[in-house]
1. Within a Cβ distance under 11 Å of Phe206, other residues only, what is the Lys/Arg minus Asp/Glu net charge?
2. In debye to the nearest 20, how big a dipole does the chain give about its Cα centre with +1 on each Lys and Arg Cβ and -1 on each Asp and Glu Cβ?
3. What's the local net charge at Ala22, with K and R +1, D and E -1, over the other residues with C-beta under 10 Å away?
4. Give the relative contact order (percent, whole number) for the chain; include only Cα pairs under 8 Å separated by 6+ residues.
5. Determine the alpha carbon to alpha carbon distance for each of Lys2/Lys67; Lys67/Lys458; Lys18/Lys257; Lys192/Lys379; Lys85/Lys458 and list only those over 27 Å.
6. If you count, for each residue, the other Cβ atoms within 10 Å and average over each peptide, how do 22-33, 38-49 line up from highest to lowest?
7. I'd like to know how segment 208-355 sits against the 2.2 N^0.38 Å rule of thumb: what's its Cα Rg over that expected value?
8. Run the reach check for Lys250 against aspartates and glutamates, Cα to Cα strictly under 19 Å, same-chain hits fewer than 8 apart removed. What comes back?
Amino acid sequence: MKLYAKTAHELHDMLVAKEISAAELTESVLAQQAATEEKVGAYITTLADEAMAQAKAVDEKIAAGEKIGFLAGIPGAIKDNICTKGIKTTCASKMLENFVAPYDATVMTKLAAENPVVVGKTNMDEFAMGGSTENSAMKITHNPRNLDCVPGGSSGGSAAAVAAGSAIWALGSDTGGSIRQPASFCGVVGLKPTYGRVSRYGLVAFASSLDQIGPLTRDVTDAANIMNVISGHDMMDSTSSPAEVPDFTKALTGDVKGLKIGLPKEYFGAGIAPEVASSVKAAIEQLTKLGAEVTEISLPHTEYAVSTYYLIAPAEAATNLARYDGVSFGARVEGADIVEMMTNTRTQKFGPEVKRRIMIGNYALSAGYYDAYYLKALKVRTLIQRDFTEAFKSVDVIACPTAPTPAYKIGSMVSDPLAMYMMDISTVPLNLAGLPGISLPCGVAADGLPIGLQLMGKPLDEMTVLRAAYAYEQTQDYHKTLVPEGGAE
């Protein structure tokens, strides 16, 4: 097997045993990046020279007999809404196309202590607003499993890079499913941590009460290891949880005897493709064979989740994106006076989906409509949170499809934003409730596209989510099928 096709934990062991060098590994990944990038388009910025320098520095550490961290020398990619000092952070927007971050996000500081190799910044939906990576102002990313299909979004570039072998691991962000849905579409593992488990400092804000950074990886073991690196309290993020961070790898026992799994009836209704439902149910059956107990549960306010999300998220986005006005940083389009300059800047530099959400948000927050829309959405959010609290009194984990269908054709939903929003039905409730969730491959559709299983957990209980995910994964080979050389099937 090519080095670019291996998992981070396999490669870490090989580096420690001096079976390979970090430079050799990085060359393999960069060669795969060069072979696939024209077709897949996972990256906005590539960092080949910097990556080789980082790899050689790790080789020197190993030669000197120094102990290395889990990610040392292992090539990974960073979603382009995470600030990287001295490197462009564009958010896939013309508004920030030349913005070079003057500081590192906290997750980058934590990663730097491990000496990873960063091979590039990945494409995304502009300002993370979208579920297909078609809303990028830079390019359209293609699903490595089928180049005619979307990779999902908004972390589509990160998922595509891991699936194509042009990165071993990647970081993404998840506001309404933006890690889990592309993981499902591309056949990789995506973990959304509990809100506050990972610092948001340096993550360009979309919806501050919903955003969360997490890993996209080849398997559950890599996800657990990266969680060990990026988790923890941060004084720079007032919403960061002070809870102690466990060693997430200790959850990887393979033992789920007595684990209670809830099956929410609302997640298997109309709109779920039959092959998705059958694959997910087969995965749950596999967990019962391993000793887990399955119970049907109800999350009655699920039907209101998408409507609630698409009021709260745009309202927060409208506020967060008010700073992009052509005055202090980012793009500026000149005008006759300051009002015209601001109008020109925002008109020309924001894409259609971002404008749509800003307008929805400003409308929901405007005088006369605040109580009718935004305040009501906050109340429904509380009801959704209570649904989960009630359900978790009787179960340890909730299982359901990650997305209602496999990846769809590029361009097939661009003219119907409401249909695209409904693709988030299985993922947004978790963000509204602030809970952890993981997507991992559990099947393949008739057309060869991956299907994802979503497992959701109690607040700050990533351990149980990882435990169930790992136990299931060990009975399958889906996570071992990487896109072949050349980058697309």
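1. Residues close to Phe206 contribute a combined charge of -3.
2. The calculated dipole for the chain is roughly 620 debye.
3. -2
4. After rounding, I find 19 percent.
5. Lys67/Lys458; Lys18/Lys257; Lys85/Lys458
6. 22-33, 38-49
7. 1.54
8. Hits, sequence-local ones excluded: Glu10, Asp13, Asp219, Asp222, Asp396, Asp461, Glu462, Glu473.
Every number in this text was worked out from the coordinates using simple rules, so none of it is lab data. Bear in mind that the values here come from a model prediction, so they are computed numbers and not experimental data. When we count neighbours, we look across all protein chains shown, and the Cβ atoms used for this are built from the backbone with ideal geometry, even at glycine.
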